[in-house]
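What follows is a single structure, written as structure tokens, with notes after it.
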Amino acid sequence: AQVRLNGKTVSSSQWQTKSVRDLFFYLYVIAKPVTKEKIGAAFWPDISPTQLKLRFKNNIYRLRHALGQESILFEDNLDRFNTDLDFESDIDQFESELVLARSTLDITQQIEHYQNAVDLVQGSYLEDIHADWAWHERDRVDQMYISALLCLSRLLLQRGSKEEALQICQRALDRDPCLEEAHQLAMQIYAAMRDRTAILKQYRLCQKLLKNVLGSAPSYETEEVFRQVSSIK
């Protein structure tokens, strides 16, 4: 998780503490005005009101010092990130590309926008922030990412780009090895390649992962896909 100001990454020394940087991302993710008390519950739930007042004052001061006085606005006893600033974020760009992909029927444009979206992802969103609010946002973004990968893989398969489709499908499995939908898609891609050995290997891998990680067997849908693609000649 990082911020660039005028093209330069805001350093740890500029943030002064990790909690200051995390506070910025909290205000950005929440995307609405919040009270000092709500912020305190998210960051310092065990301190007294007096301690919270001082802690909050210091962190907001350091945050504004790092990013500018207008970065965080205080109105009606509520603090919020100033969305009127001239800024851009990779997560906003990611979601915009997904909207564009879903708003066209042209397969070439769909592929382009989905590819643009997934190429922005370099890891889990806010992966070094260990808090409930970050976890919920990270899970939301991860699900969008996986869905985008599967959509892109299917489109590539539809276009006849089998190798590319397989690579994208594998990225979904790298993120979630137990995702049956991705295993099903991989088997369908191998079927298009007429690779029966790979189909069986993928199915057995799915079986193994589900048993070892979740203690379950493949779903009816996965079994049905395997039955259908195993009949290729």
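The values are calculated or read from the model by the stated rules, or taken from the named source; none is laboratory data. Note that the structure is a prediction, hence the values are computed from the model and not measured. Cβ coordinates were reconstructed from backbone atoms using ideal geometry, including for glycine residues, and neighbour counts include every protein chain displayed. Side chains included, ligands, DNA and RNA excluded: accessible areas come from the protein's heavy atoms. Shrake-Rupley method; radii C 1.70, N 1.55, O 1.52, S 1.80 Å.
Grab the alpha carbons of the range 54-134, take their convex hull, and tell me the volume per residue in Å³.
153 Å³
Using a Debye calculation, one point per C-alpha and no hydration shell, please list log10 I(q)/I(0) for the range 1-81 at q = 0.10, 0.20 Å⁻¹ in order.
-0.22, -0.89
To make sure I understand the rule: partners must be lysines, Cα under 25 Å from the Cα of Lys8, and not fewer than 8 residues away in the same chain. Which ones qualify?
Output for Lys8: Lys18.
Please report, as a whole percent, how much of the solvent-accessible surface of the chain comes from carbon and sulfur atoms (probe radius 1.4 Å).
Ligands and nucleic acids excluded, carbon and sulfur reach 49 percent.
For Leu5, what residues show an amide H to amide H distance below 5 Å, using hydrogens built from the backbone and excluding near sequence neighbours?
Val10
Any idea what Rg and Dmax come out to for the chain if you just take the C-alpha atoms, in Å?
Values for the chain (Cα only, Rg and Dmax): 22.7, 74 Å.
Find how many whole Å separate the alpha carbon centroid of the range 66-111 from the alpha carbon centroid of the range 12-63.
21 Å
Over the alpha carbons of the range 124-233, what is the largest minus smallest coordinate on each principal axis, giving the biggest first in Å?
Result for the range 124-233: principal-axis Cα extents of 51, 34, 18 Å.
Ordered by packing density, taken as the mean number of other Cβ atoms within 10 Å over each peptide's residues, highest first, how do 154-163, 199-208 rank?
Those peptides, ordered most packed to least, come out 199-208, 154-163.
Length gain on complete extension for the stretch Thr197 to Leu78, per 0.36 nm per residue less the alpha carbon to alpha carbon distance?
Working it through step by step, the gained length comes to 36.8 nm.
Consider a paramagnetic label point 7 Å from the Cα of Gln143 along Cα→Cβ; state which residues of the range 107-129 have an amide N under 19 Å from it.
Only 118, 124-127 fall inside the zone, counting backbone N under 19 Å.
Per residue, how much accessible area does the chain show when a 1.4 Å probe rolls over the protein heavy atoms, in square angstrom?
Each residue of the chain exposes 59 Å² on average to a 1.4 Å probe.
Label Gln93 and Glu127 with points 7 Å out from Cα along Cα→Cβ: what is the distance between them in nm?
Distance between the two pseudo-spin positions: 1.8 nm.
Could I have the simple spin-label model distance between Ile232 and Ser103, label points 7 Å from Cα toward Cβ, reported in nm to one decimal?
The two pseudo-label positions are separated by 3.6 nm.
If eta is 0.890 mPa s and T is 25 °C, what Stokes-Einstein diffusion coefficient results for the range 119-176, Kirkwood Rh from Cα pairs, in µm²/s?
Translational diffusion coefficient: 201 µm²/s.
Give me the percent of Cα-Cα pairs in the range 35-88 that sit more than 18 Å apart, rounded to a whole number.
Within the range 35-88, distances greater than 18 Å cover 36 percent of Cα pairs.
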